[in-house]
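The values are calculated or read from the model by the stated rules, or taken from the named source; none is laboratory data. Just so it is clear, the model here is predicted, and its values are computed rather than measured. Every residue, glycine among them, receives a Cβ derived from its backbone with ideal geometry; neighbour counts consider all protein chains shown.
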Amino acid sequence: MTRHSKKIPRQEKIRLLTIVLLLMLAIAMMLRPSLACQAALRGLELWWQVVAPSLLPFFFISELLLGMNISRYLSAAMSPLMRPLFNLPGCAALAVALGFCSGFPSGASITAALRRKKEITRAEGERMICFTNNAGPLYITVAVAGGLLHCPTAALLLAAVHYGGNLLIGVLLGLGARCRRRQTAKTAPAPPEQPAASAADLGASLQNALKRSTANIISIGCLMAFFSVVSALITALPAASLLPQALSQGFWEMSLGVSAIAGSALPLEQILPITAAIISFGGISVQMQVLAMIGDTDLRLTPYLICRLAHSLFAYLAMAALCHRIALPSALFTGGGISGPVWLTALQLCLISLAALGLLSALMLRLSHCSHKS
């Protein structure tokens, strides 16, 4: 027998390891059926009450707009903004806007649709999913700051770190791609010529938008239930303290981890950095949701995972620095900041994000003009 006949391919090793882990999970579920059922129910309740109502309208609108060839209009109108800021075509503006205003994994869904239509390159799509997948403003404001931390003002700090970190990642990736402009210019596809939509095309676009948005929402619900069970089974194991359990839950499912750390006895100055890190990473559940969105494309998940780890580290350090710099914990962390309805707070966060995006774009345009003059 030769040496090559004994060697197992790498993909086969990964497949065998996955089978072993799934069998172990199935055995654990049979040993703890009540725990698994309750965990799955919690995941489905979170999906039905929070995720599905907040994401389904955005999914449907984005799929319908893409089906009606909105990218043809965005390419010319938004290129002066997207090229200097992120080194992306104008059609990427839809993924950036809805990715920052809706929540996980809207950015990946729109990016995959643009890649399927061949309106962006593979490199551009991989850069887009790295910074257009965000926690929604309503999630940060209502679920985390108001519901779990009981501190509406903390939403401003969490949003500044979360959205600011992703914008920074997008700008840095764009600068890195600009250094390889000659190479990417050769592989960049020309914008496809798309005819005007007829009544039949609008009907087909509506039907496809309904099917794809519903399928995406259902797949997210299945993944949330699955990883909720995984997190519950791991958390049931003996742990030294509540903090390792919260980090373990946050690693698998973001909302469960945030809920666990919010219920700990730690002071809010220590809870906020950990919460920011968990939200920025998103949890394995969110990563699998992103993978499900791009599964039928040639986009790789590895750059996205690297950026999630970098964003999580940045969010923790930035939030810790903010908490140490701010010398008014009694005024800031007792819920006495922003008043009014929660939707108004979410609207303020959206406006702040758009204002920051506008300032960054103006700065990049100015720098671009200066470089051309020189």
Could you tell me whether region 73-84 includes any residue that is closer than 20 Å to ALA315 by Cβ and either at pLDDT 85 or above or crowded, with 21+ Cβ neighbours inside 10 Å (or both)?
no
When the residues of region 280-312 are narrowed to those that are farther than 24 Å from PRO137 by Cβ and of a type outside the set (A, V, I, L, M, F, W, C), which ends up surrounded by the fewest Cβ atoms within 10 Å (Cβ to Cβ)?
THR302
When region 275-294 is examined, which residues are found to be outside any helix (DSSP H, G or I) and without any contact (Cβ under 8 Å) to a residue 40 or more places away in the chain?
none
Identify, by number, the condition in (1) within 23 Å of VAL161 (Cβ to Cβ); (2) within 23 Å of the chain's Cα centre (by Cα) that MET288 doesn't meet.
(1)
Output the residue which, of all residues in region 109-164 that are modelled with pLDDT under 85 and more than 21 Å from TRP47 (Cα to Cα), is surrounded by the most Cβ atoms within 10 Å (Cβ to Cβ).
CYS151
With the checklist (1) over 18 Å from the mean Cα position of the chain (by Cα); (2) under 20 Å from GLN38 (Cα atoms) in hand, flag the one item HIS324 doesn't pass.
(2)
Kindly indicate whether LEU55 is part of a helix (DSSP H, G or I), closer than 30 Å to THR235 by Cβ, of a type outside the set (D, E, K, R) and modelled with pLDDT under 85.
yes
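For (1) among the hydrophobic types (A, V, I, L, M, F, W, C); (2) in contact (Cβ under 8 Å) with a residue 40 or more places away in the chain, each residue gets a yes or a no:
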| site | (1), (2) |
| --- | --- |
| LYS7 | no, no |
| LEU17 | yes, no |
| CYS37 | yes, no |
| LEU46 | yes, yes |
| PHE100 | yes, yes |
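Here is a yes/no grid of residues against (1) of a type in the set (Val, Ile, Thr); (2) within 30 Å of TRP48 (Cβ to Cβ); (3) outside any helix (DSSP H, G or I); (4) at pLDDT below 85:
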position: LEU167; (1), (2), (3), (4): no, no, no, no
position: ARG182; (1), (2), (3), (4): no, no, no, yes
position: PRO195; (1), (2), (3), (4): no, no, yes, yes
position: ALA204; (1), (2), (3), (4): no, yes, no, yes
position: ALA215; (1), (2), (3), (4): no, yes, no, no
position: ALA225; (1), (2), (3), (4): no, yes, no, no
Identify the residue in region 90-104 that is surrounded by fewer than 24 Cβ atoms within 10 Å (Cβ to Cβ) and farther than 20 Å from LEU56 by Cβ and, among all such residues, is nearest to the chain's Cα centre (by Cα).
ALA93
Checking LEU88 against (1) under 17 Å from GLY282 (Cβ atoms); (2) hydrophobic (A, V, I, L, M, F, W, C); (3) at pLDDT 85 or above: exactly one of these is not met. Which one?
(1)
Just one of the numbered conditions (1) outside any helix (DSSP H, G or I); (2) closer than 23 Å to ARG212 by Cα is not true of ALA93; which one?
(1)
Within region 222-241, does at least one residue satisfy the condition of being touching a Cys at 6+ places or on another chain (Cβ under 6 Å), surrounded by fewer than 20 Cβ atoms within 10 Å (Cβ to Cβ) and farther than 30 Å from THR111 by Cα?
no
Quickly run through region 27-54 and pick out the residues that are among the hydroxyl-bearing types (Ser, Thr, Tyr) and surrounded by fewer than 13 Cβ atoms within 10 Å (Cβ to Cβ).
SER34
Just one of SER248, SER259, SER219 is in contact with a helix residue (DSSP H, G or I) (Cβ under 7 Å, 6 or more places away or on another chain), of a type outside the set (A, V, I, L, M, F, W, C), within 30 Å of ALA113 (Cα to Cα) and part of a helix (DSSP H, G or I); which is it?
SER219
Screening SER62, SER106, SER71 for residues that are over 24 Å from TRP47 (Cβ atoms) and hydroxyl-bearing (Ser, Thr, Tyr) leaves only SER71
In region 55-72, residue surrounded by the fewest Cβ atoms within 10 Å (Cβ to Cβ) [restricted to those that are of a type in the set (Phe, Trp, Tyr) and closer than 18 Å to VAL290 by Cβ]
PHE58
Go over the candidates LEU299, LEU272, LEU305 one by one and state the one that is of a type in the set (A, V, I, L, M), outside any helix (DSSP H, G or I) and within 21 Å of the chain's Cα centre (by Cα).
LEU299
Selection within region 248-279 - of a type in the set (Asp, Glu) and surrounded by fewer than 24 Cβ atoms within 10 Å (Cβ to Cβ):
GLU269
Can you tell me which residues in region 103-133 are among the polar types (S, T, N, Q) and outside any loop (DSSP other than H, G, I, E, B)?
SER106, SER109, THR111
